[in-house]
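Take a look at the structure below.
The values are calculated or read from the model by the stated rules, or taken from the named source; none is laboratory data. Since the model is a prediction, treat every value here as computed from it, not as a measurement. A quick note on method: Cβ atoms are made from the backbone with ideal geometry, for glycine too, and the neighbour counts reach across all protein chains shown.
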Amino acid sequence: MLEAAEILNASILIVDDQQVNIILLEQMLRAKGYTNITSTMDASAVCELHQQHRYDLILLDLQMPKMDGFQVMEGLQAIEADSYLPVLVVTAQPAHKLRALRAGAKDFVSKPFDLLEVQTRIHNMLEVRLLYRKLDSYNKLLEQTVQERTAELRESEARFKSFTELSSDWYWEQDASGRFTKVSGPVLEMLGMETDDVSGGASKLGGGWNATEREQLDANIAARKPFLDFIYSRSNANGTTQYLQVSGEPIFDTHSRYVGYRGIGMDITERMQQEQQGLQYNQI
């Protein structure tokens with residue numbers, strides 16, 4: 001909403017080749033409390049004046065010597081391209097009204113003046129003009145905010161990626177069907193998997209996995225539950241046991257629809273072997 005002072009402080013330009021008309025409109029506007037009023041009898045100066053001051057409203061007489069109001073509006077359209085043309089035309093010719101609206105004017109008043117009508121149309125046009133400017137400013141602020149938030153998000157993602165690379169052996173993502181869509185790090189080498197194994201999904205990672213642990217991990221994913229530092233193992237062909245530790249969280253889109261999982265993992269075989277050796281030593 002607009003405050004009354006915002007409308008009364010709006011910048012207004014009166015353009016008319018008759019001094020008496022300018023005086024009449026100025027007196028009427030000042031009597032209503034408008035404070036920022038400029039006038040000119042030179043139609044050729046209007047575009048330059050508007051370029052400098054960007055008036056909230058231009059009261060434009062259509063019938064002027066050398067350069068008429070239609071020519072003025074043509075010049076103003078070039079300045080306000082893809083924007084709001086704040087022109088209220090003044091004319092004594094009824095046939096000119098429709099042509100003026102087609103030329104870009106937003107409203108019109110007729111000569112001789114009905115002062116109450118002029119006051120009402122000026123107030124209404126200024127209200128629309130100022131609201132339009134507020135909306136434009138809000139949209140620019142919103143666009144700037146989105147750009148800033150996007151930059152922050154990208155920076156955050158970069159930090160997260162760096163953190164996961166430092167704190168884990170690999171980063172992974174799955175789609176809603178359980179197929180791996182992104183794997184970074186030497187996970188394939190650690191698991192002895194082929195690329196086809198990765199694209200095949202978690203249920204096709206090969207043999208040797210501890211069935212109970214795998215079922216529990218798959219159950220967490222099927223239930224779309226986050227899991228932290230989950231440990232599972234598999235028996236290798238050479239008789240050794242490999243231990244992996246993974247953390248993951250479900251991913252949802254902007255409509256709260258489940259789209260998959262993402263997480264980190266690491267090979268903790270050496271740590272588990274050391275812990276088991278320590279446990280055996282304590283039992284002796």
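Figure legend. Inter-residue proximity from the range 126-138: first residues surrounded by 13 or more Cβ atoms within 10 Å (Cβ to Cβ), second residues assigned to a helix (DSSP H, G or I) and among the β-branched types (Val, Ile, Thr), beta-carbon distance below 8 Å, spacing 6+ or different chains. Indicated pairs: Leu126/Ile7; Glu127/Ile7; Leu130/Ile7. So is Leu59 part of a helix (DSSP H, G or I), closer than 18 Å to Glu117 by Cα and in contact (Cβ under 8 Å) with a residue 60 or more places away in the chain or not? Answer is no for this residue.
If I ask for residues that are among the aromatic types (Phe, Trp, Tyr) and without any contact (Cβ under 8 Å) to a residue 60 or more places away in the chain, which ones from the range 245-270 would you list? Steps first, answer last, please.
Our first condition is that a residue be among the aromatic types (Phe, Trp, Tyr); within the range 245-270, this holds for 252, 258, 261.
Within the range 245-270, Phe252 is the sole residue that qualifies.
Count of the range 98-133 residues, restricted to those that are closer than 22 Å to Ser39 by Cα and among the basic types (Lys, Arg), is 4.
Of everything in the range 212-253 that's of a type in the set (Val, Ile, Thr) and closer than 18 Å to Val183 by Cβ, which residue is modelled with the highest pLDDT? Even if it seems obvious, please write down each step before you answer.
Going residue by residue through the range 212-253, those that are of a type in the set (Val, Ile, Thr) are 212, 221, 231, 240-241, 246, 251.
Add one more test, that the residue is closer than 18 Å to Val183 by Cβ, and what stays is 221, 246, 251.
Details: Ile221: 87, Val246: 88, Ile251: 91.
Here the residue is Ile251.
Looking only at the range 62-75, which residues are part of a loop (DSSP other than H, G, I, E, B) and surrounded by 13 or more Cβ atoms within 10 Å (Cβ to Cβ)? Walk me through it before giving the result.
Of the range 62-75, the ones part of a loop (DSSP other than H, G, I, E, B) are 62-68.
Leu62, Gln63, Met64, Met67, Asp68 - these are the residues of the range 62-75 that are part of a loop (DSSP other than H, G, I, E, B) and surrounded by 13 or more Cβ atoms within 10 Å (Cβ to Cβ).
Within the range 253-274, the set of residues being under 37 Å from the mean Cα position of the chain (by Cα) and loosely packed, with under 11 Cβ neighbours inside 10 Å comprises Asp253, Thr254, His255, Ser256, Arg257.
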